[in-house]
Structures are given as structure tokens and as C-alpha cells.
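Visitor: Shown below is the structure under consideration.
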Amino acid sequence: MRLSSPVPAAWAARLRSVLRIVAAFLFVAHGTQKLFGFPAAGPSSPVPLISLLGLAGTLETGGGTLLLLGLFTRPVAFLLAGEMAVAYFLRHAPHGFWPLVNRGELPVLFCLLYLYLAAAGGGPWSLDALRGRIGPAPRSSSQE
């Protein structure tokens, strides 16, 4: 038996779900750090809710929670990809071209990951997939 890939292709959809869940968990942590100061990597206080960082924290906490659950994955992921693009160009790009220099690696990775999820969906371990399985039966196009 010849092994053509270290990971069987049958696992691809499940691993997409794992990727979505882990990335969303990390994203929620960034949002709660902005909104509640938890978990804080250093001395920080919550940002005002009515501010650009407050909006970012709300999107990251709320949108990240929806992604964690796999609910409305495609539109939420598209919205969060836009948020990460804005974050990169407003906060990071002015400090240099290279993401490693301007500390913009995470926004770039999150942006591209969320664009992927917007196109590919959240995978089988998601509420979207569950809703699709228990939703209404498709109507027949034939006339009776």
C-alpha cells in the first residue's frame, strides 16, 4: 500500500472544522482582552466600547464566538476578514512593509484564514452543518 499523503484526504473537512475552532478560540481571546482586559498578557485595561478598538473587540468576541460554534460561518468569516484587513492597514502597515517588522503577522493570517472559511465553509463539525442536515426538505420542482 502506497501512502500518497501523510494525512488522508477523508480528514480534510474535519480538519477544516478543527482549524476553524482553534482559530476562533484564539480570536475570542483577542476580543475579550480588548473588552474586559482578560486574559491580559500585560498591564492593560478594557478599551472604551465606543471606539475603534471597542468595535474591534466586539467583532472579535461576537464574531469569534459565532465561528467557534460554526454558526453563520461564511458571512461572519467574510466580515472578520475585512476587519483584519482594516486592522493591518490602519495599525500595522504604517510601521513598515514587512509583517514581521510591523508585527502584523496575526492580522494577515487571520484575514486569509477567514477568507478561506468564507469560501469553504466551517466544515462538518459546525452548527451550520447541523442546520443543513435538519433543515426543511427541498421542494420538488415537478408539478403534480
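Computed from the coordinates by the stated procedures, all read-outs in this text should not be read as laboratory data. Small disclaimer: the values here were computed from a predicted structure and weren't measured. As a convention, Cβ positions derive from the backbone with ideal geometry for all residues, glycine included, and neighbour counts pool all protein chains shown.
Visitor: Please work out, to two decimal places, the log10 of the ratio I(q)/I(0) at q = 0.09, 0.11, 0.17 Å⁻¹ from a Debye calculation in which every Cα of the chain carries one identical scatterer.
Guide: Taken in order of the listed q values, log10 I(q)/I(0) reads -0.36, -0.51, -0.97.
Visitor: Moving to a separate point now. Based on alpha-carbon atoms only, what is the radius of gyration of segment 44-87 relative to the globular estimate 2.2 N^0.38 Å?
Guide: Taking the Cα Rg and dividing by 2.2 N^0.38 Å, one obtains 1.19.
Visitor: Could you identify which residue out of R16, R133, R74 has the top mean-square fluctuation in a GNM of the chain using Cα springs shorter than 10 Å?
Guide: R133
Visitor: What ranking do Y114, Y88 get, fewest neighbouring Cβ atoms within 10 angstrom at the top?
Guide: Numbers: Y114 28, Y88 19.
Least to most surrounded, the residues fall as Y88, Y114.
Visitor: Only Cα pairs within less than 10 Å get springs; with that Gaussian network setup on the chain, which residue of V101, V22, V76 has the largest fluctuation?
Guide: Answer for the Gaussian network model of the chain: V101.
Visitor: Please build a GNM for the chain, connecting alpha carbons under 10 Å apart, and tell me which residue among G104, G132, G31 fluctuates the most.
Guide: G132
Visitor: May I ask for the angle, rounded to the nearest 10°, between helix 12-36 and the longest principal axis of the chain, with both axes built from Cα atoms and the value confined to 0 to 90°?
Guide: Its long axis makes an angle of about 30 degrees.
Visitor: Can you show me the helix-derived [θ] at 222 nm for the chain, built from DSSP H runs with n ≥ 4 at -39,500 (n - 2.57) apiece and divided by the number of residues, rounded to the nearest 500.
Guide: -19500 deg cm²/dmol
Visitor: How far, in degrees from 0 to 90, does helix 105-120 lean away from the longest principal axis of the Cα atoms of the chain, to the nearest 10?
Guide: Taking Cα atoms only, the helix is inclined about 20 degrees.
Visitor: Sticking with this structure for a sec: Using alpha-carbon pairs under 8 Å, 6+ residues apart, how would you state the relative contact order of segment 15-127 in percent?
Guide: Relative contact order for segment 15-127 comes out at 29 percent.
Visitor: So how tilted is helix 73-87 from the main axis of the chain? Cα-based, degrees 0 to 90, rounded to 10.
Guide: Here the helix axis deviates by roughly 20 degrees.
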